[in-house]
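Engineer: Structure in C-alpha cells, see below.
The values are calculated or read from the model by the stated rules, or taken from the named source; none is laboratory data. On a predicted model such as this, the values are computed, not experimentally measured, just so you know. Please note: Cβ atoms are built from the backbone with ideal geometry, for glycine as well, and neighbour counts cover all protein chains shown. The area values use the complete protein model at the heavy-atom level, side chains included, leaving out ligands, DNA and RNA. Shrake-Rupley method; radii C 1.70, N 1.55, O 1.52, S 1.80 Å.
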Amino acid sequence: QKEVEQDPGPLSVPEGAIVSLNCTYSNSAFQYFMWYRQYSRKGPELLMYTYSSGNKEDGRFTAQVDKSSKYISLFIRDSQPSDSATYLCAINAYNNNDMRFGAGTRLTVKP
Amino acid sequence: DSGVTQTPKHLITATGQRVTLRCSPRSGDLSVYWYQQSLDQGLQFLIQYYNGEERAKGNILERFSAQQFPDLHSELNLSSLELGDSALYFCASSVGGPISGNTIYFGEGSWLTVV
C-alpha cells in the first residue's frame, strides 16, 4: 500500500461546477498537508497548506483534513477553465524532510 | 515565476552518458530539494541539502549524486544513464525544511530524455 493514495482521474467538469479532489494516507505521523497545482510541463505550485483537522479556505479553494480518517480533500468552487491542471496532494511528518506526493488528479474544466 | 531557476530546460542524451542538472534556489532559501517526476512513478523525492549539507535522502539511485555549493546553488549528477531515467527533474527550495510552515517552491524542471 502506498503511503499516499490519490485517484489520478482524469476528472472533467463543466465550468461553474464544484470540484472535489481527495487523498488518503496511511501513516498517522503525517501532520502537514498541502495541495499543489501543476500545469502541463510546469513546476508544481503551492495552493493550500494546513496542519490541523478541519477546513481552511482561500478564495474559491477549501482544504479539508480529517486526521481520524486519514483523509484530505480539496474543494474548488465555481470552477474555471483556468483551473484545468493536475492537482497533487502532499503530506509530511514533523521534522521529516521527505515530503510524500500523491499521484496527482488531472482536472479539466470545460467552458 | 517561483524564483527557482533550473538549467537546462531540455536535454537529450544517450544511454551510458552522464549529465549535470543545475539549480539556483530562491534568494534567501537555504534548502534545495531534487525530485524526479515520471509518468509511472509520479513525483519522487530524491535528496535534500540544507546550507551545503545533505539533510535527507529519498529514492535516489547510487548512479545519481548531488551537491550544494557555498553560494547555495545545487547540481544533480546523473551517470550511466538508462532509458528509464528519462523524466522531468525538479529542483525546489525553501527557507528551511518543509515543516512548520516552510513552503517549498518548485522550479520549471529539466526534461531529460535518454535515447
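Engineer: Excluding ligands and nucleic acids, what accessible area in Å² is computed for residue B:12 using a 1.4 Å probe, to the nearest 10?
Structural biologist: Near enough 130 Å² of accessible area.
Engineer: Within 13 Å, Cβ to Cβ, of residue A:48, how many net charges do the neighbouring residues add up to if Lys/Arg are +1 and Asp/Glu are -1?
Structural biologist: Working: positive: A:37, A:56, A:60; negative: A:45, A:57, A:58.
Surrounding charge for residue A:48 is 0.
Engineer: Over all directions, the average projected area of the alpha-carbon convex hull for the protein assembly as shown comes to how many nm²?
Structural biologist: About 12.2 nm², averaged over all directions.
Engineer: Still on this structure, please answer the following. Using the Cα centre as the reference, give the magnitude of the dipole from point charges on the C-beta atoms of the stretch B:15-115 (Lys, Arg: +1; Asp, Glu: -1; all else neutral), rounded to the nearest 20 debye. Before the final figure, lay out the partial values.
Structural biologist: Values: 6 positive and 10 negative charges, 13 e Å.
That gives the stretch B:15-115 a dipole magnitude of about 60 debye.
Engineer: Given Cα positions, please report Rg to Rh for chain A, the hydrodynamic radius being the Kirkwood one.
Structural biologist: Values: Rg = 13.4 Å, Rh = 14.0 Å.
Here the Rg-to-Rh quotient is 0.96.
Engineer: If you keep only loop residues by DSSP, which chymotrypsin sites (Phe, Trp or Tyr not before Pro) in the stretch A:1-96 have at most 12 other Cβ atoms within 10 Å of their Cβ? Write out the running numbers ahead of the final one.
Structural biologist: On the way: sites: A:25, A:30, A:32, A:33, A:35, A:36, A:39, A:49, A:51, A:61, A:71, A:75, A:87, A:94; in loops: A:39, A:51, A:94.
Passing sites in the stretch A:1-96 are A:39, A:94.
Engineer: What ranking of B:10, B:73 comes out by heavy-atom accessible area, probe 1.4 Å, highest first?
Structural biologist: Per-residue accessible area, sorted high to low, gives B:10, B:73.
Engineer: Under unit Cβ charges (Lys, Arg +1; Asp, Glu -1), what dipole magnitude, rounded to 20 debye, does the protein assembly as shown have relative to its Cα centre? Walk me through the intermediate numbers first.
Structural biologist: Working: 19 positive and 22 negative charges, 33 e Å.
So the magnitude is around 160 debye.
Engineer: Could I ask something else about it? Say the cut-off is 27 Å between C-alpha atoms; which of A:2/A:67; A:70/B:9; A:56/B:9 go over it? It would help to have the intermediate numbers written out before the result.
Structural biologist: Working: A:2/A:67 17 Å; A:70/B:9 37 Å; A:56/B:9 35 Å.
Flagged as over cut-off: A:70/B:9; A:56/B:9.
Engineer: Shifting gears a bit: Please give the charge dipole size of the stretch A:54-111, origin at the Cα centre, charges +1 on K and R Cβ atoms and -1 on D and E Cβ atoms. Round to the nearest 20 debye. Kindly include the intermediate steps, with their values, before the conclusion.
Structural biologist: Working: 8 positive and 6 negative charges, 29 e Å.
Using only the charged Cβ atoms, the result is roughly 140 debye.
Engineer: Still on this structure, I have one more. Please list, short to long, the whole-number percent of alpha-carbon pairs of chain B in consecutive 10 angstrom bins beginning at zero.
Structural biologist: Histogram of Cα-Cα distances, whole percents per bin: 15, 50, 29, 5, 0.
Engineer: The stretch A:32-108: which trypsin sites (Lys or Arg not before Pro) are DSSP loop and have at most 10 other beta-carbon atoms within 10 angstrom? Provide the component values of the computation, followed by the final result.
Structural biologist: Working: sites: A:37, A:41, A:42, A:56, A:60, A:67, A:70, A:77, A:100, A:106; in loops: A:41, A:42, A:60, A:67, A:70, A:77.
Passing sites in the stretch A:32-108 are A:41.
Engineer: Can you give the mean number of other chain Cβ atoms that lie within 10 Å of the Cβ atoms in peptide A:36-46? Walk me through the intermediate numbers first.
Structural biologist: Values: counts 3, 0, 5, 0, 0, 5, 7, 14, 10, 3, 5.
Per residue, the average neighbour count from other chains is 5.
Engineer: Separate question: Just to be sure I understand the model, the point goes 7 Å from the Cα along the line to the Cβ. What's the resulting residue B:59 to residue A:60 distance in nm?
Structural biologist: 3.3 nm
Engineer: Also, quick follow-up: Provide the solvent-accessible area of residue A:26, counting protein heavy atoms only and rolling a 1.4 Å probe, rounded to the nearest 10 Å².
Structural biologist: 50 Å²
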